[in-house]
Amino acid sequence: MNLDKEKFEDRVSYWIDRGTGDGTEGATDRQAYEAVSRALMDLIWNKWRDCEKDIKSRGLKRAYYLSAEFLMGRTLGNNMINLGLRGDVAEVLKSMGLDLNAAEQTEPDAALGNGGLGRLAACFIESLASLDLPARGYGIRYQYGMFRQEIVDGRQVERPDDWVAKGDPWSVRRGNRTAVVRFGGHVVSEEQPDGSHRFKTVNTENIKAIPYDMPIIGWDTDTVGTLRLWEAESDNGFNLQLFNDMDYIRAVEAQNRAGDLSRVLYPNDSGPTGKALRLRQQYFFSSASLQDIIREYKKVKGRDLTLLHEMAAIQLNDTHPVIAIPELMRLLMDEEGMGWDTSWNVVTKTFAYTNHTVLAEALEKWPIDLFRSEFPRLMQIVEEINRRFMVVLVEKFPQDRQRHHRMSILADGMVKMAWLAIAASFSVNGVAALHTEILKNEVLREWYELWPEKFNNKTNGVTQRRWLKKANPSLAGLLDETVSPEWTKDLSLVANLREYAEDTSVLEQLGVIKAENKQRLTDLTQKLTGISVDPAALFDVQIKRLHEYKRQLLNILSLIHDWQLLMDNPSAEMPPRTVFFGAKAASGYRRAKQIIHLIHTVAEKVNADPRVSDKLKVVFIPDYRVSIAEVLFPAAEISQQISTAGKEASGTGNMKFMMNGAVTLGTMDGANIEIVEEAGAQNAFIFGMSAQEVRSLKESGAYDPWKVLEREPKLKRALAALVDGTLGTDDEFREIYDSLVYGVEGSVPDAFFVLEDFASYRDVRAQAGQAWTDTPRWNKMALYNIAGSGKFSSDRTIREYASGIWGIKPRK
Ligand code: 26Q
């Protein structure tokens with residue numbers, strides 16, 4: 001895009017004046033941010049509208065990505081990059097006496113997601129726009145996103161994230177597309193003039209859903225996609241009675257309660273909370289989105305709803321929007337008058353479901369009683385779906401009663417959301433090759449036996465525009481010069497970097513770029529934690545949600561081990577290493593919070609110990625989020641991906657590290673397997689049990705952590721530090737210790753095999769440290785990782801979804 005700089009400066013001045021009411025003199029960084037954002041909105045406005053029009057008028061099939069989470073991060077920088085205008089905008093601002101970088105820093109992250117699943121949705125809609133694919137994202141405009149994490153006395157404290165307090169220049173309220181979502185009430189049957197019956201729900205609580213649209217600007221294209229997020233507001237109609245009663249306060253309170261539906265993102269990234277409000281949120285955005293899709297479809301005269309699936313494919317991002325399945329049945333039957341069979345035909349050709357977890361406890365289910373009281377009509381529909389499904393199942397496996405029970409959508413007083421999803425979707429996919437195999441052979445085996453044709457893999461990806469071009473401009477520049485600037489559009493081109501594997505100048509440049517990025521992280525660390533790290537040390541990074549299966553404990557235990565080793569022998573051969581952590585714990589996840597406290601406690605001891613201070617540093621970066629991730633990934637030399645094999649569905653941070661030239665130190669889990677395949681096994685450090693081995697060891701029942709400790713006295717000693725006073729006298733880490741060696745609250749000891757995998761972990765950690773001291777060798781490893789990252793572009797993933805599931809084509 002070409003920028004008319006004079007005109008743009010006028011627009012920026014205009015918006016600053018609108019903000020300050022007092023001309024452009026002395027504008028703050030925040031005012032500059034708002035003004036530039038609004039000026040860019042003006043610039044893309046017509047394109048955005050034309051793009052929507054074009055899709056409509058040409059009757060193109062669209063994909064709709066339904067997700068309870070979109071972890072967008074900051075928008076301004078990304079949009080400038082995708083428009084190709086960053087340099088020009090910086091120049092204009094400079095000439096106005098404003099600092100673009102400072103302005104960008106004032107933008108709060110839009111953290112409307114927990115972690116991987118939410119960030120995947122954000123990468124996907126960016127790729128959809130960049131590939132000119134007709135699509136739209138639908139979600140919730142939470143007033144409070146993922147909590148801000150503060151650390152007080154080494155412990156996590158959650159603070160509200162009021163991200164839109166100062167307004168959001170990147171979203172537009174579209175009041176004219178408001179939908180009404182109805183809860184509760186009861187079902188009545190009405191006789192139609194033709195003698196047939198139609199169900200309707202009466203006496204409902206009605207909530208207005210107001211869409212806020214965000215433009216999704218693709219790279220190097222006129223396509224501007226849309227992310228439509230729903231905000232809840234009370235429907236005045238419902239409150240009229242209260243107003244008539246003159247009960248003003250109660251009416252206003254009801255208004256407030258309605259708003260609760262979009263008030264806050266639930267901060268747990270696994271396992272249902274069992275909270276009714278969470279289920280109500282799911283229905284709120286699912287129903288509003290379907291109504292929106294149907295309204296748009298019906299706008300074209302003569303269109304027949306029995307063919308909706310020819311115009312719409314709806315991807316369900318995990319089970320969170322699965323309630324859309326019975327809701328579409330209800331809309332088609334009760335609102336549109338279609339019969340069961342025609343409605344079911346549409347539904348089963350429209351929905352596709354993505355699974356993101358194998359943890360049984362994380363599979364979503366809701367109490368039938370709750371479901372019925374919130375959605376009485378949907379409960380009837382789910383019962384009928386299940387009844388018909390059971391007929392099919394009993395026919396196929398007449399004798400196997402246990403199987404009927406296991407696969408029933410309704411069982412043990414619960415609605416099983418994943419089962420509902422599989423029963424009604426034409427596609428079920430996992431997010432990495434191993435994950436999909438585990439779904440087919442273990443978690444969803446019986447479903448796979450029933451409908452093998454539904455199952456497919458779509459290995460995750462990430463957008464190289466944000467995670468390479470934006471986050472690591474120096475490396476991006478080197479790729480422009482070496483492989484060609486086209487990598488931004490086609491990441492497979494980075495494979496050509498392999499031609500430079502023996503080019504000492506390129507290898508040295510990789511080292512220089514890494515050093516620059518390490519300096520940037522060093523400065524940020526100083527600012528956020530007060531800790532001075534040496535940018536010349538090895539930067540070893542584990543950043544992800546805090547979860548026992550992700551095994552931050554393995555990392556911290558081996559830090560304790562190294563610390564003890566250095567205390568015994570201060571001259572031990574060990575390259576200087578700084579280990580970075582970044583992680584939020586779900587607010588109700590006790591063990592995870594204890595682990596955060598443990599990390600801080602170890603950090604404090606190690607960092608203050610003069611005997612090891614030049615060899616070992618431990619840093620916990622508080623409030624890890626997208627904008628901080630953009631600094632961490634480019635600075636990392638080691639990417640820690642150390643989950644218990646079989647547990648991490650894919651991982652996507654692993655891909656961001658790889659793209660930025662970090663070397664994976666990890667287990668054969670999730671997408672790590674594919675990463676190692678692309679980078680070459682000699683360019684990664686792999687350790688620990690395979691998924692198979694984990695499964696057999698678990699099934700054998702023979703696992704005994706004490707035997708491991710006898711075998712590994714140094715591990716025994718590191719573990720003892722948790723309870724022997726080394727880390728303080730108040731016995732705070734006893735529970736972590738107990739969970740590893742005894743098991744607490746009925747769980748088996750060391751359920752995630754931290755102790756079993758320790759020795760091989762420690763060994764590859766040491767090997768990686770040694771390899772790093774050989775700078776040319778290390779730079780070459782980095783090069784092979786970057787060169788191998790082509791597969792992990794979300795562009796590749798989205799192309800696979802578009803052709804393999806959705807049946808949509810680029811509009812150009
Ligand atoms: C469910 C019900 C009630 C409340 C919360 C939830 C909930 C919310 C978020 C459950 C799960 C999540 C998020 C899961 C997640 O981020 N999974 C990750 O998805 C990534 C993208 O596919 C994978 O790469 C990771 O392996 C997977 O852990």
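The values are calculated or read from the model by the stated rules, or taken from the named source; none is laboratory data. If you're wondering where the values come from, they're calculated on a predicted model, not measured in any experiment. Here Cβ is always computed from backbone atoms with ideal geometry, including for glycine, and neighbour counts include all displayed protein chains. The area values use the complete protein model at the heavy-atom level, side chains included, leaving out ligands, DNA and RNA. Shrake-Rupley method; radii C 1.70, N 1.55, O 1.52, S 1.80 Å.
Structure values in brief
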item: Percent accessible area from carbon and sulfur atoms, segment 304-345, protein chains only, probe 1.4 Å; result: 46 percent
item: Residues of the chain: accessible area per residue with a 1.4 Å probe, Å²; result: 38 Å²
item: Debye, to nearest 20: dipole size of segment 500-563, +1 on Lys, Arg Cβ, -1 on Asp, Glu Cβ; result: 480 debye
item: DSSP bridge pairs, the chain: antiparallel proportion in percent, nearest 5; result: 45 percent
item: Within segment 59-176: Cβ-based charge dipole about Cα centre, in debye rounded to nearest 20 (Lys, Arg +1; Asp, Glu -1); result: 520 debye
item: Spatially close lysines, pair count over segment 1-106: Cα under 21 Å, gap of eight or more or interchain; result: 7
item: Global form of segment 465-513, assessed from the alpha-carbon gyration tensor, a/c cut-off 1.5; result: oblate
item: J(HN,Hα) series, segment 638-650, from Karplus relation 6.51 cos²θ - 1.76 cosθ + 1.60, nearest Hz, glycine and proline x; result: 10, 9, 8, 10, 10, 4, 4, 4, x, 9, 8, 3, 9
item: From phi via Karplus (6.51, -1.76, 1.60), per-residue ³J(HN,Hα) for segment 74-87 in Hz, x at Gly/Pro; result: 7, 10, 3, x, 5, 5, 4, 5, 5, 7, x, 10, 4, x
item: Out-of-range pairs (alpha-carbon distance over 32 Å; input Lys454/Lys780; Lys647/Lys809; Lys584/Lys791); result: Lys454/Lys780; Lys647/Lys809
item: Residue-span extension gain [Glu693 to Val300] - 0.36 nm each, minus C-alpha spacing; result: 135.8 nm
item: Cα gyration tensor shape of segment 341-419, rounded if a/c is under 1.5, else prolate or oblate by comparing a/b with b/c; result: rounded
item: Percent accessible area from carbon and sulfur atoms, segment 583-643, protein chains only, probe 1.4 Å; result: 50 percent
item: Neighbour-limited loop hits for GluC sites (Glu not before Pro), segment 493-563 (at most 16 other Cβ within 10 Å; DSSP other than H, G, I, E, B); result: Glu502
item: Residues Glu25 and Leu307, FRET efficiency given R0 of 45 Å [Cβ-Cβ distance, rounded to 0.05]; result: 0.15
item: Cut-off under 5 Å, modelled amide H: who pairs with Leu538 long-range; result: Arg577, Thr578
item: Aspartates and glutamates with Cα under 15 Å of Lys527, excluding same-chain neighbours fewer than 8 positions away; result: Glu150, Asp623
item: The chain: C-alpha gyration tensor shape, a/c 1.5 cut-off, then a/b vs b/c; result: oblate
